[in-house]
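Here's the structure we're looking at; comments come further down.
The values are calculated or read from the model by the stated rules, or taken from the named source; none is laboratory data. Small disclaimer: the values here were computed from a predicted structure and weren't measured. Positions of Cβ are generated from backbone atoms using ideal geometry, with glycine treated the same way; all protein chains shown enter the neighbour counts. The protein model used for the area step is the full one, side chains on, heavy atoms only, and it has no ligands, DNA or RNA in it. Shrake-Rupley method; radii C 1.70, N 1.55, O 1.52, S 1.80 Å.
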Amino acid sequence: MPGFELFGEEERKHINDVMDTGIIMRYGFDGPRKGVFKSVELEKKITEVFGCSYAQLTSSGTAALTTAFSAMGVGYGDEVIMPSFTFVASFEAVLSVGAIPVLVDIDETLTLNPEAVRAAITPNTKCVMPVHMCGSMADMDALQAICKEHKLLLIEDACQAIGGTYKGKSLGTIGDAGTFSFDFVKTITCGEGGVVMTNSQEVYEKCDGYTDHGHDHKGVDRGADLHPFIGYNYRISELHAALGLAQIGKLQTILSIQKKHNHILKSYLEQIPEISFRATPDAEGDSCSFISWLLPTESLMVAAIEEMKEQGIFAGNFYWFNNNWHYIRKWHHLKNVETLNNISEAQKTALYKLQTQDFSVSDAVMNRCISTAISLAWTEEQVHDKGAKMAAAIQKAIANLLVSVS
Ligand SMILES: *Cc1c(COP(=O)(O)O)cnc(C)c1O
C-alpha cells in the first residue's frame, strides 16, 4: 500500500534539485529558482497519468476536500451526503466550510449505498461525496444518475484510491471534482500533500486562488497579483512536490506489485467457503492496496481475529468496526459536537441527531469485515506464507466456533 516502502534515489534526486536552488516555495522567485517548478510539473503529470483537465496541489488531502467544496460553492447550510465509513477528514472538510455532513449507510462496496443516498436527499442537499475506501470504488453509475436527476454536485474522496479506475476512468476524475491525499501512508506520498482534480476550468481557477490567499496568479509578480476572492493558505511546498514527482514515476510499479500480492493472498482466502469479498462495481479497477473480506457473522469474525492475534499474525489487518478513526461507531467527538469551533445551529442539530440515527445496516457489514493491507515490501514467499497462515487461523477459528455451538 504505502509508496514510502519504495523510497530510493529518485526521491533524493528530485529533492536535491530543489535544495540546489534553495527555493522551497512553489510561487515567485522566478530568477533564483532556475527553471525548477516541481509543483507545476507534478500537477501536469497528474493530469496526464490520471486523465483529467486540471490538477491543483494542496498541503493535504483534507485541504484538497475543503478547497473542492469552496470552489464548488458548497457552504453554509448545505448538506453533503457521505458514508458512515471513511476517515474523519471527510467530515472535517464538510464542517470546515460551514456545511452539514449527512451520514448514510454503506453496503458491501464499503461505501455509499445508492438507495441510502436517495433516501437522504432533502431540499438542502447540495452534494454527494462517495469515499472510495481501501483502494476500491463506489457504484459511480448509480451515484451519477442520482446526482444528475437531483442536480447535485458529485465530489469523490479518492484519497485512498490512487490508481484505481471505474470503467476505464481514474477514480477521482469522474465526478465534478475529486481528491487524492499524498500523506505518508497513501499509495504515493509527498510526505504531506493532496490534489483536487477537475475537468472544469472555473473550478480549477477557484482552487488555484483559494489555496494561495486568493492570488489570481496573473500579475507580473506576486505583489501585482489581484485577489478576486478571499482565500486561504493550503499551498504545497516544492520539497513535498519533489517527493511526489519521484513517487508518481513509481505508480505503475506500485500498482503491479499490489495486484500481484493481493491476488496471491486472495488465492488462499477464497478457499475458505465462509469468506466473501467486498463488492467491487468494476473489479478490474481495484487498486489492490487492500484486500477486504467478510465472514458470515460478527461472532465468526471476532473468533477469527482472536485466533490471528493469538498466533501473532494480526498485524496489517484492520477491523474497522472497532477503529477510532474510520467508522461512525467510535466518532464520539462528532456525535457529541466536541469541537473547538463555534459551529452553526444547523450543524449542531445535525451532529446531535447522529447519536440516535440507526446505522445497523452499516454495522452488519462492518462488524464482519476486515481489510488486509498489501505491503510492497513483502517477498513473494512471504505473501504465500502470510496467506497460508491467515487461512489456517481463520479455518481453525471457524471450526472451533462450530464445535462450541453444536
Ligand atoms: C487520508 C485521507 C484523507 C485526508 O488526507 P490527509 O492528506 O491525511 O489530510 C481524506 N479522506 C480519506 C478517505 C483518507 O484516507
Do we find that Gly178 is small (Gly, Ala, Ser), more than 10 Å from the ligand (Cβ to nearest atom), touching a Cys at 6+ places or on another chain (Cβ under 9 Å) and assigned to a strand (DSSP E or B) in this structure? yes
Residue set Ala346, Ala350, Ala304; condition open to solvent by less than 20 Å² (accessible area, probe 1.4 Å) and modelled with pLDDT of 95 or more; output residue Ala304
Between Cys190, Cys207, Cys159, Cys147, which is over 30 Å from Asn262 (Cβ atoms) and within 16 Å of the ligand (Cβ to nearest atom)? Cys207
Looking only at the stretch 234-247, decide whether some residue is free of Cβ contacts under 8 Å to residues at least 24 places away in the same chain and either open to solvent by less than 60 Å² (accessible area, probe 1.4 Å) or farther than 19 Å from Ala63 by Cβ (or both). no
Residue tally, condition in contact with a Lys or Arg (Cβ under 8 Å, 6 or more places away or on another chain) and either without any contact (Cβ under 8 Å) to a residue 24 or more places away in the chain or more than 17 Å from Met301 (Cα to Cα) (or both), over the stretch 269-291: 4
So which residues in the stretch 135-173 are of a type in the set (S, T, N, Q) and out of contact with any helix residue (DSSP H, G or I) (no Cβ under 9 Å at 6 or more places or on another chain), if there are any at all? Gln144
Only one of these is among the small types (Gly, Ala, Ser), in contact (Cβ under 8 Å) with a residue 60 or more places away in the chain and in contact with a Lys or Arg (Cβ under 8 Å, 6 or more places away or on another chain): Ser90, Ser70. Name it. Ser70
So in the stretch 111-157, with the set limited to residues that are out of contact with any Phe, Trp or Tyr (no Cβ under 6 Å at 6 or more places or on another chain) and among the small types (Gly, Ala, Ser), which one is most open to solvent (accessible area, probe 1.4 Å)? Ala119
Is it true that some residue in the stretch 79-102 is among the aromatic types (Phe, Trp, Tyr), in a loop (DSSP other than H, G, I, E, B) and within 16 Å of the ligand (Cβ to nearest atom)? yes
Quickly run through the stretch 1-39 and pick out the residues that are farther than 20 Å from Leu251 by Cβ, within 30 Å of the chain's Cα centre (by Cα) and not in a loop (DSSP other than H, G, I, E, B). Asn16, Val18
Selection count, the stretch 267-277, where residues are in contact with a helix residue (DSSP H, G or I) (Cβ under 8 Å, 6 or more places away or on another chain) and not aromatic (Phe, Trp, Tyr): 6
From the list Asn317, Asn324, which one is under 30 Å from Trp378 (Cβ atoms), surrounded by fewer than 19 Cβ atoms within 10 Å (Cβ to Cβ) and touching a Phe, Trp or Tyr at 6+ places or on another chain (Cβ under 9 Å)? Asn324
Can you confirm whether the stretch 114-129 contains a residue that is part of a strand (DSSP E or B) and within 18 Å of Arg278 (Cβ to Cβ)? no
So which pairs qualify, if the first residue must be in the stretch 179-191 and of a type in the set (Gly, Ala, Ser) and open to solvent by 10 Å² or more (accessible area, probe 1.4 Å), the second must be more than 9 Å from the ligand (Cβ to nearest atom) and modelled with pLDDT of 95 or more, the Cβ gap must be under 7 Å, and the two must be at least 6 apart or on different chains? Gly191/His240; Gly191/Leu243
The stretch 29-72, residues that are of a type in the set (Val, Ile, Thr) and away from the ligand (no atom under 16 Å from the Cβ): Val36, Val40, Thr47, Val49
Checking the conditions here, which among Gly28, Gly35 is in the same structural domain as Tyr210 (by TED's automatic domain parsing), surrounded by fewer than 18 Cβ atoms within 10 Å (Cβ to Cβ) and free of Cβ contacts under 8 Å to residues at least 40 places away in the same chain? Gly35
